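Data first, discussion second: the structure below is written as C-alpha cells.
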Amino acid sequence: MNGVQKQRLLTQPIRIGGVEIAGRFVKAAYTETMCTEDGFVTDQLIQHYEELARGGTPLLITGATYFNKYSQAMKRGLALDHDDKIPGLQRLTRTVQQYGSKIFVQLYHVGRQAAPGNVGRTDAQAPSARYEFTVGCMPRAMTIEEIHDCVYQFGLAAARAKQAGFDGIELHAAHGYLISSFLTPHTNRRTDQYGGSFENRLRFLVEVYRAMREQVGRDFPIVIKLNGHDDLPLRKGLNTEDCVRIALRMQKEGIDGVEVSCGHYESGITSDRGNWKGFFRTMVTYGAAKDWPASHRAVIRLLSPLLSWFYNRISGFRPAFNLSYAQAFKQALDIPVICVGGFAEVALIDEALESGGCDLVAAARPVIADPHLFNHLKAGVRGPQCDFCQGCFARAGAMPADCYNPRVRAEKALMLRAEQGTDLVSRPVNAGWQSCANEIRPTKTSPRNNDERQYEG
Ligand SMILES: Cc1cc2nc3c(=O)[nH]c(=O)nc-3n(C[C@H](O)[C@H](O)[C@H](O)COP(=O)(O)O)c2cc1C
Ligand code: SF4
C-alpha cells in the first residue's frame, strides 16, 4: 500500500454525459405526493429536496413526472404538462444546485398500471388491451396516431425540463409502465410496427428517446431506468439477456447511462422488495387505494394476511437485490450503470462499487429514512436506518413521501433537529448528529417492524 490510503469510490466524481456528479450515490426516484393537485411545485417539495441536498446527495432524481392526462397516475405528483410548471421547477432546481448537487427529472407515462379513477379519467392507454389485475385496470390499445402524439409530447416535456434548469432527464422505461409495457411481449400483443419482433417492441422507446434528444441537444444527459429482469414467470417476460440487449441498443442510440431495477406490478412488485406485513391494510386505509370502491377494499382487507404472506415469499427483502442484474449490464456497456434496490448499509454500498458491480448506487427508501445518508456514509456514521417495512410505499400517492415507521421516524426527527440551521460545508459533518446518536439504542424488537400497528396511523 506504500502508506497511501486508497480513496473510496463512493466519494469519487463521475461524469454522466457532460455533467459531473460529485460522488457515486443517487437519490432514486420516488413519488413525492407534495405538489398541488394539478402538479405545481410547493414549498413542502422544495424543503424536502433542500434537505437531501444539504445531506450531500450528489445526484437527485425526482419522482415520476407526468406530461399529459394519460401519463398521470395519482394526484399531487410532479408535472411537466404545460409551460406554467416551469417557474416552480426553476425554484426547485436552483435550490438544489446551490448545494453542489445535481438534479434530474424522471419522465414517465403510467400506462395500464393505475386505476384511471384516481385522477378523474375514464380510460387508460397501453400497447394492447391486456387487463392489469393488481389495480383492476382494463386499458385501451393505443392507436398509431396516439402513439405519435405521445412521442411528440415526451419531446415537449423534455424541452420544458431543460428550460426548468434540470441537469438531466431520467426516462422511466421500467416497472411495467407504458414504455416498459411496449418492451415486454406479455403486455405488448400488437401486430403492427410497434409489436412482435425485438426491434418493433423497442420502436416506441427509440422514438421517445429521439424526440427528447432532438429537443434537448446532444450534451444534455438522458439516462434510462430499465428492468434487469421482468420477473414474470410463466408469462412472456424479459430476462436479463433481453434487458441488456435493450440497453446495448440504446447505448448505440446515444443514452448517457442506465439505472437497473426490475419487475412489473404483476410480478408482485419485486422492484420494492421489503416486509409486506400490514402493507395491504395500510394501502387501503391511508394509501392510493383508499378511494377504490368499498367492495374492492373490503376484499383486500379480508385477504390482507394472505396477500402479505404471499408477497413476502415472492418479493421479500434481500440486500442489494438488483446487483446481479447490474453486473450483467456493467459487463456489456461502456456508459455508467446505476444500481438501485436494497442499499442501506455502508459496507454493502462500498462493496457494490469497489467490486465493479455498478458505477453508482441509488437508494429510495433509505434516503426517505435518512435524507443525509450520503454524508453519513462518507463519515462512517450510522444515521436513521431504513427497515424496508414498506410504511412509506403503502402510502405512496396519497400521503407525502416520509418515514412512517415510528422508531426510524423518531431517529430521523432527532437527526434533523441536530442538523437544523447548521452549515454542513463549514463544520465537521454530523457532529451534532453523532452526539444525538448516542441517545438512540435500537431495541431488540424493532429491526424488522413486524407489527403493522407500528406504522399504521
Ligand atoms: C414511496 C415510493 C415511491 C416510488 N416512486 C417511484 C417513482 O416515481 N419512479 C420510479 O422509478 N421508482 C419509484 N419507486 C421505486 C424506487 O425508485 C426504487 O426503485 C425502489 O424503491 C428500490 O429502491 P430502495 O430499496 O432503495 O427503496 C418508488 C419507491 C417508493 C418507496
Ligand atoms: S417507512 Fe421508513 S423504515 Fe419503512 S420503508 Fe419507508 S423509509 Fe424505510
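The values are calculated or read from the model by the stated rules, or taken from the named source; none is laboratory data. Because the structure is a prediction, the values reported are computed rather than measured. Every residue, glycine as well, gets a Cβ built from its backbone with ideal geometry; the counts of neighbours run over all protein chains shown. Quick note on the areas: whole protein, heavy atoms, side chains included, nothing else; ligands and nucleic acids left out. Shrake-Rupley method; radii C 1.70, N 1.55, O 1.52, S 1.80 Å.
Dividing the alpha-carbon Rg of the range 73-181 by 2.2 N^0.38 Å yields what? It would help to have the intermediate numbers written out before the result.
Details: Rg = 15.5 Å, N = 109, 2.2 N^0.38 = 13.1 Å.
After normalising by residue count via 2.2 N^0.38 Å, the value is 1.18.
Report, largest value first, the span of the C-alpha coordinates of the range 257-299 along each principal axis, in whole Å.
Per principal axis, max minus min of the Cα coordinates gives 43, 20, 17 Å.
Loop only per DSSP, at most 14 neighbouring Cβ atoms within 10 Å: give me the GluC sites (Glu not before Pro) in the range 22-130, ordered by residue number.
Within the range 22-130, the qualifying GluC sites (Glu not before Pro) (loop, at most 14 other Cβ atoms within 10 Å) are 37.
Over the range 223-329, what per residue volume does the convex hull of the Cα atoms give, in whole Å³? Show your work: numbers first, answer last.
Working: hull volume 14.0 nm³, N = 107.
Output value, Cα hull per residue: 131 Å³.
Roughly speaking, what is the centre-to-centre gap between the range 248-262 and the range 126-190 when only Cα atoms are used, to the nearest Å?
One Cα centre to the other: 17 Å.
Using unit Cβ charges (K, R positive; D, E negative) and no other charged atoms, how large, in debye to the nearest 20, is the dipole of the range 99-156 about its Cα centre?
Details: 5 positive and 5 negative charges, 45 e Å.
The dipole magnitude comes to about 220 debye.
Can you give the FRET efficiency to the nearest 0.05 for residue 86 and residue 149, using r as the Cβ-Cβ distance and R₀ = 30 Å?
Details: r = 22 Å, r/R0 = 0.72.
It comes to 0.90.
Distance in nm between label sites at residue 301 and residue 200, each 7 Å beyond Cα in the beta-carbon direction?
Spacing of the two 7 Å Cα→Cβ label points: 4.7 nm.
Of the options 48, 126, 28, report the single residue whose Cα projects farthest towards the positive end of the charge dipole of the range 1-147 (beta-carbon charges: Lys, Arg +1; Asp, Glu -1).
28
Just tell me which lysines come within less than 22 Å, Cα to Cα, of residue 290; anything on the same chain fewer than 8 places away is out.
Leaving aside lysines fewer than 8 places away in the same chain, those within reach of residue 290 are 69, 75, 277.
So, for the chain, what is the accessible surface per residue at a probe of 1.4 Å, expressed in square angstrom? Kindly include the intermediate steps, with their values, before the conclusion.
Numbers: 18210 Å² over 457 residues.
With all protein chains present, the chain gives 40 Å² per residue.
Sort all Cα-Cα distances of the range 285-349 into consecutive 5 angstrom bins from zero, then give the percent of pairs in each bin up to the one containing the longest distance.
Result returned by the calculation: 3, 14, 14, 14, 13, 11, 11, 10, 7, 2, 0.
Binning every alpha carbon pair distance of the range 271-388 at 5 Å from zero, what are the percents per bin?
Bins of 5 Å from zero give 2, 11, 17, 16, 15, 13, 11, 8, 5, 2, 0 percent of pairs.
Just the number, please: carbon plus sulfur as a percent of the accessible area of the chain, 1.4 Å probe, no ligands or DNA/RNA counted.
Details: 9500 of 18210 Å².
Summing carbon and sulfur atoms, their accessible area is 52 percent of the total for the chain.
Sort 67-79, 340-352, 137-149 for me by packing, meaning the mean count of neighbouring Cβ atoms within 10 Å per residue, highest on top. Don't jump to the answer; show the numbers that get you there.
Values: 67-79: 22.3, 340-352: 20.3, 137-149: 15.8.
Output ranking for 67-79, 340-352, 137-149: 67-79, 340-352, 137-149.
Can you give me the three principal axis dimensions of the range 1-154 from its C-alpha atoms, in Å, biggest first?
If we take the Cα atoms of the range 1-154, the spans are 65, 36, 29 Å.
From the alpha carbon gyration tensor of the range 240-280, can you work out the equivalent ellipsoid semi-axes (sqrt of 5 times each eigenvalue) and give them in Å, largest to smallest?
Working: eigenvalues 178, 21, 9 Å².
Each semi-axis is the square root of five times an eigenvalue, giving 30, 10, 7 Å.
Just to verify a number: FRET efficiency for residue 69 and residue 332, C-beta to C-beta distance, R0 = 41 Å, to 0.05?
On the way: r = 37 Å, r/R0 = 0.91.
With a Förster radius of 41 Å, E is 0.65.
In square angstrom, rounded to the nearest 10, how much accessible surface does residue 403 have for a 1.4 Å probe?
Answer for residue 403: close to 10 Å² accessible.
Could you bin all the Cα-Cα distances of the range 36-93 into 5 Å bins starting at 0 and give me the percent of pairs in each, rounded to whole numbers?
All Cα pairs considered, the percentages come to 4, 18, 30, 24, 15, 8, 2, 0.
Just the C-alpha atoms of the range 349-388: what Rg/Rh do they give, with Rh taken as the Kirkwood radius? Walk me through the numbers on the way to the answer.
Values: Rg = 10.6 Å, Rh = 10.8 Å.
The Rg/Rh ratio comes out at 0.98.
Using Cα positions and a limit of under 16 Å, work out the lysines in reach of residue 27, with same-chain residues fewer than 8 apart set aside.
Straight-distance partners of residue 27: 102, 225, 378.
What are the extents of the Cα atoms of the chain along their three principal axes, in Å, largest first?
On the principal axes, the chain reaches 62, 52, 44 Å in Cα extent.
Answer with one residue from 323, 288, 298: the one whose Cα lies farthest towards the positive end of the charge dipole of the range 280-357, charges on Cβ with Lys, Arg +1 and Asp, Glu -1.
Positive-most Cα among the choices belongs to 298.
Loop only per DSSP, at most 11 neighbouring Cβ atoms within 10 Å: give me the trypsin sites (Lys or Arg not before Pro) in the range 204-253, ordered by residue number. Each step should come with its number before you reach the end.
Details: sites: 210, 213, 218, 225, 235, 236, 245, 249, 252; in loops: 218, 235, 236.
Answer by residue number: 218.
Suppose every Lys and Arg Cβ carries +1 and every Asp and Glu Cβ carries -1, with no other charges. What dipole size does the chain come out with about its Cα centre, to the nearest 20 debye?
Values: 54 positive and 48 negative charges, 174 e Å.
Charge dipole, the chain, about its Cα centre: 840 debye, nearest 20.
If you take the charge dipole of the range 162-249 about its Cα centre, with +1 on Lys and Arg Cβ and -1 on Asp and Glu Cβ, which of 191, 222, 168 is farthest toward its positive end?
The residue sitting most towards the positive pole is 191.
Quick one: putting +1 on the C-beta of Lys and Arg, -1 on the C-beta of Asp and Glu, what dipole do you get for the range 11-157 around its Cα centre, in Debye to the nearest 20?
Numbers: 15 positive and 15 negative charges, 93 e Å.
Here the size comes out at about 440 debye.
Helix-only estimate, please: 222 nm mean residue ellipticity of the chain, summing -39500 (n - 2.57) across DSSP H runs of length 4 or more and dividing by its residues, to the nearest 500. Don't jump to the answer; show the numbers that get you there.
Values: 15 runs with 169 residues, N = 457.
Computed mean residue ellipticity for the chain: -11500 deg cm²/dmol.
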